[in-house]
Amino acid sequence: MSSHHRPLRLLALPALVAVVALAGCAPGASEARVTPPPAPPAGVAQLCAALHRKLPETVSGLDRSVTDPETDLTAAWGGSAIVLRCGIPKPPKMADPKADGVEVDGVGWLVEQPPEGGLRFTTTGRLAYTEVWIDEEHATDASMLVGLSAAVAASVPAGISSY
């Protein structure tokens with residue numbers, strides 16, 4: 001990397017505007033862009049709505065963020081530091097008997113390290129699959145799933161999802 005500095009030119013202004021716009025998606029921001037899962041069956045959507053109402057206002061010290069778009073299928077904390085999507089289709093990795101898993105407060109979670117970094121946890125043994133992605137900076141361990149597991153246990157019954 002060169003230490004040579006170029007003066008800021010008007011041509012660089014669009015890039016600067018893009019960087020400032022993306023800052024709203026950084027951890028700690030109040031809004032997070034989240035891609036909702038494909039529309040789940042009505043019964044699964046109802047379970048996700050119940051989960052949405054039970055979700056904590058803070059997770060690991062990070063405040064709940066507004067998601068864009070707003071839907072009962074998604075939630076976020078710390079901007080996009082922690083992103084939850086409920087009603088996802090069954091992940092292919094669920095069929096892998098060698099897949100890593102963890103249990104937190106009675107809720108089973110599949111653990112994956114996705115190519116985009118961080119950690120992805122997906123509930124197992126529940127009537128609706130819920131995915132929680134944690135960015136690289138906050139992916140220290142599964143303890144941040146404590147509050148989320150309590151909400152899942154209270155709103156999504158144990159069982160095997162057919163979706």
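What to note about this one:
- For the stretch 84-99, the candidate set comprises residues that are outside any loop (DSSP other than H, G, I, E, B) and open to solvent by 20 Å² or more (accessible area, probe 1.4 Å); within that set, the residue that is nearest to Glu136 (Cα to Cα) is Arg85.
- Failed criterion for Lys54 (all others in (1) on the phi > 0 side of the Ramachandran plot; (2) at pLDDT 95 or above; (3) of a type outside the set (S, T, N, Q) hold): (1)
- First in the stretch 117-131 and touching a residue at least 12 places away in the same chain (Cβ under 8 Å) and under 13 Å from Ala151 (Cα atoms), second anywhere and open to solvent by 20 Å² or more (accessible area, probe 1.4 Å) and of a type in the set (Asp, Glu), Cβ under 9 Å, 6 or more apart: Thr123/Glu131
- Verdict on Val66 being open to solvent by 30 Å² or more (accessible area, probe 1.4 Å), of a type outside the set (Gly, Ala, Ser) and in a strand (DSSP E or B): yes
- Failed item, numbered, when Arg33 is tested on (1) modelled with pLDDT of 95 or more; (2) open to solvent by 40 Å² or more (accessible area, probe 1.4 Å): (1)
- Taking (1) open to solvent by 40 Å² or more (accessible area, probe 1.4 Å); (2) under 20 Å from Val34 (Cβ atoms); (3) modelled with pLDDT of 95 or more in turn, Leu127 satisfies each apart from (2).
- Any hit, the stretch 109-124, residues being open to solvent by 20 Å² or more (accessible area, probe 1.4 Å), among the small types (Gly, Ala, Ser) and more than 12 Å from the chain's Cα centre (by Cα): no
- Candidate set: the stretch 37-49, residues that are small (Gly, Ala, Ser) and touching an Asp or Glu at 6+ places or on another chain (Cβ under 9 Å); chosen: the one surrounded by the fewest Cβ atoms within 10 Å (Cβ to Cβ): Ala49
- Enumeration of residues in the stretch 137-163 that are at pLDDT below 95, hydrophobic (A, V, I, L, M, F, W, C), farther than 23 Å from Ala95 by Cα and open to solvent by 30 Å² or more (accessible area, probe 1.4 Å): Val146
The values are calculated or read from the model by the stated rules, or taken from the named source; none is laboratory data. All values reported here derive from a predicted model rather than from experimental measurement. Heads up, the Cβs are rebuilt from the backbone with ideal geometry, glycines too, and the neighbour counts pull from every protein chain shown. Surface accessibility is based on the protein's heavy atoms, side chains included, excluding ligands, DNA and RNA. Shrake-Rupley method; radii C 1.70, N 1.55, O 1.52, S 1.80 Å.
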